[in-house]
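Structure first, commentary second.
Derivation of every value follows stated rules applied to the coordinates shown; laboratory data play no part. No experiment lies behind these values; they were computed from the predicted model shown. FYI the Cβ positions are ideal-geometry reconstructions off the backbone, even for glycines, and counts take in every protein chain you see.
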Amino acid sequence: MLPKLGLEYLLLLTFLALTGRCKSRALSLAYARMDSPAGLVWVATTRTGICTVGLGAGQPDAFFAWLARHVSAKPPREDPTALAPALTQLREYFSRIRREFDLPLDVRGTAFQRAVWAEVACIPYGATATYGEIAQRMGRPGAARAVGAAMGANPLPIIVPCHRVIGAGGSLTGYGGGLEVKAALLRLEGALPPP
């Protein structure tokens, strides 16, 4: 029989684990990678959902640095099985079968960033919008630069399609994965003509 303090401690740990309040359980972190027409894509998930996607320039260093800063300093485990639904949906996207994603997400950002990303998520496949248009849709017509900064912090490119946001004159501006990747994604969706 456990001493009284031991039993109370065990009950507390059981409660925390069952309610998801146990930090190690909540932050279980896994990643996987896959080849795509836009290059290698890195995807990470917590128990809550997909938390980041990395592609293009600076990967995988930028991907792992983001995870260490925003989720956990503990290295993630490589686990393609845990990421199977996300990898399947990304393959479908790159095969032009999927136009929208249906994945649980663990979105990390400020309230303003999340509001911008929610608006960007409404841009349909094959369409584009300018930074200024996104700011206007949010009721903040003078916030085009702030929208651009929020786009630069988007941890879920492709899933939150920041590649669909372009400059006022239709120019391709700013993309974390590089402008070549942005152009490739827009061409894939038919929003840009072939080179």
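Report the convex hull volume per residue for region 111-176, counting only C-alpha atoms, in Å³. Don't skip to the answer; put the middle values down first.
Numbers: hull volume 4.9 nm³, N = 66.
Looking at region 111-176, the number lands at 75 Å³ per residue.
ALA57's amide H: which non-local residues (gap 5+, or another chain) put their own amide H closer than 5 Å, with H modeled 1.01 Å from N in plane and none for Pro or chain starts?
GLY178
For region 24-75 and region 159-195, write down the distance between their C-alpha centroids in whole Å.
The distance from the Cα centre of region 24-75 to that of region 159-195 comes to 22 Å.
Could you give the length gained on full extension between LEU103 and LEU40, defined as 0.36 nm per residue of separation minus the Cα-Cα distance, in nm?
20.7 nm
Looking at region 52-149, which trypsin sites (Lys or Arg not before Pro) are in a loop (DSSP not H, G, I, E or B) and have at most 13 other Cβ atoms within 10 Å? Write down the numbers at each step before the final one.
On the way: sites: ARG69, ARG77, ARG91, ARG96, ARG98, ARG99, ARG108, ARG114, ARG137, ARG145; in loops: ARG96, ARG98, ARG99, ARG108.
Passing both the DSSP loop test and the Cβ count: ARG96, ARG99.
Most mobile of GLY132, GLY169, GLY178 per a Gaussian network model of the chain (Cα springs, under 10 Å)?
Evaluated over the chain, the most mobile residue of the options is GLY169.
Divide by every residue of the chain the summed helix terms, -39500 (n - 2.57) for each DSSP H run of at least 4, and state the resulting mean residue ellipticity at 222 nm, rounded to the nearest 500 deg cm²/dmol. Write out the running numbers ahead of the final one.
Values: 8 runs with 76 residues, N = 195.
Value at 222 nm, helices only, nearest 500: -11000 deg cm²/dmol.
Expressed as an acute angle from 0 to 90° and rounded to the nearest 10, what is the orientation of the C-alpha long axis of helix 179-188 relative to the principal long axis of the chain?
Roughly 80 degrees between the two axes.
Pick from LEU90, LEU156, LEU105 the residue whose mean-square fluctuation is largest in a GNM of the chain, springs joining Cα atoms under 10 Å.
LEU105
Compute the angle between helix 61-70 and the longest alpha-carbon principal axis of the chain, please, reported from 0 to 90 degrees and rounded to the nearest 10.
Compared with the principal axis, the helix lies near 50 degrees.
Which residue fluctuates most in the GNM of the chain (Cα springs below 10 Å): PRO85, PRO157, PRO76?
Evaluated over the chain, the most mobile residue of the options is PRO85.
Based on the inverse mean of 1/r over its pairs of different Cα atoms, what is the Kirkwood hydrodynamic radius of the chain, in Å? Walk me through the intermediate numbers first.
Details: mean 1/r = 0.0551 Å⁻¹.
Its Kirkwood hydrodynamic radius stands at 18.1 Å.
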